Amino acid sequence: MTDQKKDPMIRVENLSKTFVLHVQGSARLPVFTNLSLEVAAGECVALYGPSGTGKSTLLRSLYANYKPGSGHVWVRHGNDAGEHEWVDMAGAAPHRVLEVRRRTVGYVSQFLRVIPRVPSRDIVAEPLHALGVDPETARAKAEGLLARLNIPEAMWHLAPATFSGGEQQRVNIARGFAVDYPILLLDEPTASLDAGNRAVVVALIAEAKARGAAVVGIFHDDEVREEIADRVFDLSRERAAA
Amino acid sequence: MSATRTQEVDGEAGYNFAYLDEQTKRMIRRCILKAVAVPGYQVPFGGREMPLPYGWGTGGMQVTASIIGKDDTLKVIDQGADDTTNAVNIRRFFARVAEVPTTEATAEASIVQTRHRVPEDPMTEGQIIVYQVPQPEPLRYLEPRETECRKMHAYKEYGLMQVSLYEDIARFGEIVTSYSYPVMVNDRYLMSPTPIPKFDNPKMDDFPALQLFGAGREKRIYAIPPYTKVKSLDFDDHPFAIQQWEEDCALCGAEETFLDEVILDDQGGKMYVCSDSHYCTKRRAEGHTGTLSESAAKAYAAAVGAAPEPANPGPAKPEPAKEEA
Amino acid sequence: MDTTSPLLRVRNLTHAFGPVLACADVSFELYPGEVLGVVGESGSGKTTLLNCISARLAPTNGIVEYDLRTKGLTDIYALSEPERRLLLRTDWGVVTQNPRDGLRMDVSAGGNVGERLMAVGARHYATIRGEAEDWLQKVELDLGRIDDKPKHFSGGMQQRLQIARNLVTKPRLVFMDEPTGGLDVSVQARLLDLLRGLVRELRLSAIIVTHDLAVARLLADRLIVMKDGKVVETGLTDQVLDDPHHAYTQLLVSSVLQV
């Protein structure tokens with residue numbers, strides 16, 4: 001177990017990102033330059049730094065939601081046969097990235113992007129369906145997570161469009177933890193949650209770490225960060241050093 | 001016979017034998033050869049102006065005119081009868097312009113031209129039957145685009161025809177098409193057998209005589225060589241079945257022929273008689289009788305002023321285009 | 001080590017109407033289970049592109065290859081016309097913007113759905129009707145209307161019927177041109193849900209042309225953005241919409257109220 005915990009799961013190499021806003025006269029917005037970072041299995045790295053240092057941008061780049069200008073995001077991806085290979089999220093073909101997202105890298109965004117008219121239990125179960133898990137098992141796991149995150153059963157068949165911000169976020173988190181991803185990316189998972197629910201999320205993250213997942217997160221809450229992060233990656237210092 | 005030499009008809013000055021000039025007959029015979037070579041395939045031909053309007057058998061007549069010779073004997077029937085207006089007219093036409101003997105007996109004819117029936121007497125090798133065709137294209141009412149129809153025939157894409165049979169079953173519980181019932185010829189071409197009742201379709205299969213089809217308005221010729229497979233379309237769980245009657249022919253007692261319903265009076269009195277008039281007459285001459293015999297024969301003669309109605313007309317289907325010019 | 005091969009491969013596809021280049025030099029690959037969205041405004045060339053890659057318009061230049069079950073990746077324009085027509089009736093589906101172009105308006109709903117089966121030789125009425133009923137249920141059409149003609153259906157129902165008609169032969173690839181265009185908003189929404197569900201359940205690959213970014217976000221895994229016949233940007237849907245790079249894409253995204 002300890003050996004497995006030391007295996008690197010993410011290798012960021014010389015990553016740079018600059019936004020070019022054509023709609024605003026081609027204004028250039030550099031965010032970070034030549035970032036490198038390694039995250040090992042069973043480790044939780046907190047991305048740290050004031051606003052504008054690119055925490056969210058970096059996290060999204062790990063998911064290929066943002067496309068960096070240069071550099072690599074190597075991710076250790078395993079297939080059905082139990083074989084592993086390194087896939088560069090910043091350069092791989094779209095179908096490969098989609099495969100990595102299905103199986104290996106989970107992402108919990110800061111806000112739930114609401115798909116209209118789909119019941120919350122189906123939203124949570126969807127990543128399991130995508131992996132071919134049978135509907136009964138998927139549904140049971142989804143409901144278990146919703147229950148754990150204190151979403152009342154009466155709401156499981158409702159679409160989250162009318163839920164409060166906190167409730168929506170908890171549905172979002174449940175979806176992120178439905179599949180036991182080897183890599184988890186969490187963007188402010190405890191924002192808008194009360195103490196009780198914060199504790200549930202911390203427990204979920206701890207369990208993920210315990211089974212060997214590599215976790216990268218942005219945690220505004222100092223307490224949560226101190227409890228769950230093994231180390232901090234400070235983007236403001238990276239920027240100063242660049 | 002030379003292609004350029006005309007053959008004057010003795011009784012009619014200025015007319016070539018069998019009305020059409022020899023070059024035209026040659027063209028039509030070439031089309032007939034092509035049609036015979038590809039059973040069920042519609043061959044376009046340069047149809048000529050005939051001395052009657054479209055819808056009265058001009059296509060059939062052009063085919064007959066192209067193949068008839070002095071040694072032939074011609075029979076012409078319309079809905080099975082030799083003595084209706086159409087049949088009488090056409091028979092008289094060929095008697096004048098081809099001066100050939102004519103007959104009502106199927107067995108004695110070398111060529112039988114027919115509108116909408118196959119004779120009950122089985123035909124033999126060496127005979128030719130010429131069908132009059134109103135609409136040669138079996139897909140016409142399903143696919144209005146001619147370009148698409150041609151592709152469907154060329155690529156053997158006949159799903160649409162099966163769909164129309166499906167529609168019948170969905171709407172009526174059974175296939176209600178009772179005439180112009182579509183057939184597959186030689187396992188290759190979908191063909192309209194002309195508005196013969198589906199009762200006659202099985203006769204066309206493995207038929208010993210040559211079957212030729214001529215459409216004058218649409219200018220198409222098609223053919224089925226002797227002993228060719230002709231199969232009526234159906235579904236495995238709704239197989240093709242022919243019409244049946246509880247009654248026998250009131251005049252001759254025949255049990256297995258296609259019967260026409262004849263209305264006798266205004267009180268709804270009716271009787272059923274063989275549609276094939278020669279066949280019925282022959283049976284009566286042989287001594288067979290039906291239930292109504294003497295009085296029935298008189299009533300029939302009286303009622304026969306109008307052309308007899310087919311026993312089972314199809315519902316809501318476009319009428320065979322005989323009335324339209 | 002990637003051993004999957006693409007289902008569809010398009011290379012340097014160009015089509016000109018006389019001097020006008022409707023689409024220029026388009027290349028992409030589509031893998032099994034992927035949904036590709038083609039977005040752009042009117043005149044961008046997206047419909048021409050769709051027609052070229054769905055075997056209905058031979059391009060002036062370029063190659064379109066499809067992984068035929070029997071032969072592997074094959075140039076579809078090197079096939080004979082009957083082979084192409086068979087492909088369009090079996091392994092492919094085409095859902096047109098106007099359902100009237102993709103349905104037989106004078107044939108019952110059941111007949112419309114059963115046609116493809118009868119076209120490939122199905123001859124048992126009860127079985128054909130049973131399949132038609134299954135599919136009508138899948139697209140949430142009232143079974144009681146199986147014998148009604150689509151000319152008596154609403155637009156949304158006609159579109160559902162068109163979808164059922166195409167999916168009955170279990171195609172691997174479906175082409176859709178503005179599948180929800182012209183429909184009322186609530187009808188659109190339900191149709192999108194249906195499409196989403198079917199694509200996932202049947203593991204369809206699809207290419208969807210749309211000018212509506214919300215539809216693209218909901219249905220497509222990947223996008224290509226077209227302007228004036230050219231592909232200006234391509235990538236995963238969420239990446240193209242959340243981190244657009246090209247000026248035109250940025251303009252499109254910023255023009256939409258809420259994507």
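The values are calculated or read from the model by the stated rules, or taken from the named source; none is laboratory data. Predicted model only: the values in this text are computed from it and were never measured. So basically every Cβ, Gly included, is an ideal-geometry build from the backbone, and we count neighbours across all protein chains shown. Surface accessibility is based on the protein's heavy atoms, side chains included, excluding ligands, DNA and RNA. Shrake-Rupley method; radii C 1.70, N 1.55, O 1.52, S 1.80 Å.
Within segment B:46-73, how many residues are open to solvent by less than 10 Å² (accessible area, probe 1.4 Å) and aromatic (Phe, Trp, Tyr)?
0
Would it be correct to say that C:ASN12 is touching a residue at least 24 places away in the same chain (Cβ under 8 Å) and touching a Gly at 6+ places or on another chain (Cβ under 8 Å)?
yes
For a quick check of your reading of the model, give me the residue pairs whose first member lies in segment A:161-188 and is free of Cβ contacts under 8 Å to residues at least 12 places away in the same chain and farther than 16 Å from A:ARG113 by Cα, whose second is surrounded by fewer than 21 Cβ atoms within 10 Å (Cβ to Cβ) and among the charged types (D, E, K, R), with beta-carbon atoms closer than 6 Å and at least 6 apart or on different chains.
So the pair list comes out empty.
Could you tell me whether segment A:38-49 includes any residue that is of a type in the set (Ser, Thr, Tyr), in contact with a Leu (Cβ under 9 Å, 6 or more places away or on another chain), open to solvent by 70 Å² or more (accessible area, probe 1.4 Å) and under 23 Å from C:HIS246 (Cα atoms)?
No, every residue in segment A:38-49 fails to be of a type in the set (Ser, Thr, Tyr), in contact with a Leu (Cβ under 9 Å, 6 or more places away or on another chain), open to solvent by 70 Å² or more (accessible area, probe 1.4 Å) and under 23 Å from C:HIS246 (Cα atoms).
From C:ASP193, C:ASP177, C:ASP184, which residue is surrounded by 22 or more Cβ atoms within 10 Å (Cβ to Cβ) and acidic (Asp, Glu)?
None of the others qualify; the one that does is C:ASP177.
Residue pairs, Cβ under 8 Å, 6 or more apart or interchain, first in segment A:46-58 and charged (D, E, K, R), second open to solvent by less than 60 Å² (accessible area, probe 1.4 Å). List them.
A:LYS55/A:LEU47; A:LYS55/A:GLY49; A:LYS55/A:ILE218; A:LYS55/A:LEU235
Residue by residue through segment C:136-153, note down the ones that are more than 14 Å from chain B (Cβ to nearest Cβ), open to solvent by 60 Å² or more (accessible area, probe 1.4 Å) and assigned to a loop (DSSP other than H, G, I, E, B).
Answer for segment C:136-153, where residues must be more than 14 Å from chain B (Cβ to nearest Cβ), open to solvent by 60 Å² or more (accessible area, probe 1.4 Å) and assigned to a loop (DSSP other than H, G, I, E, B): C:GLU140, C:ASP142.
Just the residues that are charged (D, E, K, R), within 11 Å of chain C (Cβ to nearest Cβ) and open to solvent by 40 Å² or more (accessible area, probe 1.4 Å), please, taken from segment A:88-124.
A:GLU99, A:ARG102, A:ARG113, A:ARG117, A:ASP122
Would you tally the residues in segment A:50-84 being within 27 Å of C:HIS245 (Cβ to Cβ) and open to solvent by 50 Å² or more (accessible area, probe 1.4 Å)?
9
I need the helices (runs of 4 or more DSSP H) fully contained in segment A:125-242, keeping only those with at least 1 residues that are closer than 30 Å to A:THR18 by Cα, out of contact with any helix residue (DSSP H, G or I) (no Cβ under 6 Å at 6 or more places or on another chain) and open to solvent by 40 Å² or more (accessible area, probe 1.4 Å).
A:222-228, A:235-241
How do the helices (runs of 4 or more DSSP H) wholly within segment C:162-259 filter down when requiring 1 or more residues that are touching an Asp or Glu at 6+ places or on another chain (Cβ under 7 Å), touching a residue at least 60 places away in the same chain (Cβ under 8 Å) and within 14 Å of another protein chain (Cβ to nearest Cβ): which remain?
Because the criterion is at least 1 residues that are touching an Asp or Glu at 6+ places or on another chain (Cβ under 7 Å), touching a residue at least 60 places away in the same chain (Cβ under 8 Å) and within 14 Å of another protein chain (Cβ to nearest Cβ), the helices (runs of 4 or more DSSP H) in segment C:162-259 that meet it are C:237-242.
Would you mind stating whether B:GLU324 is under 24 Å from the mean Cα position of the chain (by Cα) and at pLDDT below 90?
Judged against the criteria, B:GLU324 is a match.
Of C:GLY182, C:GLY144, C:GLY197, C:GLY156, which residue is farther than 22 Å from C:ILE224 by Cβ and over 21 Å from the mean Cα position of the chain (by Cα)?
So the residue among C:GLY182, C:GLY144, C:GLY197, C:GLY156 that is farther than 22 Å from C:ILE224 by Cβ and over 21 Å from the mean Cα position of the chain (by Cα) is C:GLY144.
Go through the residues of segment B:184-193 one by one and say whether even a single one is farther than 16 Å from B:GLY60 by Cα, among the charged types (D, E, K, R) and assigned by TED's automatic domain parsing to the domain that holds B:ASP168.
yes
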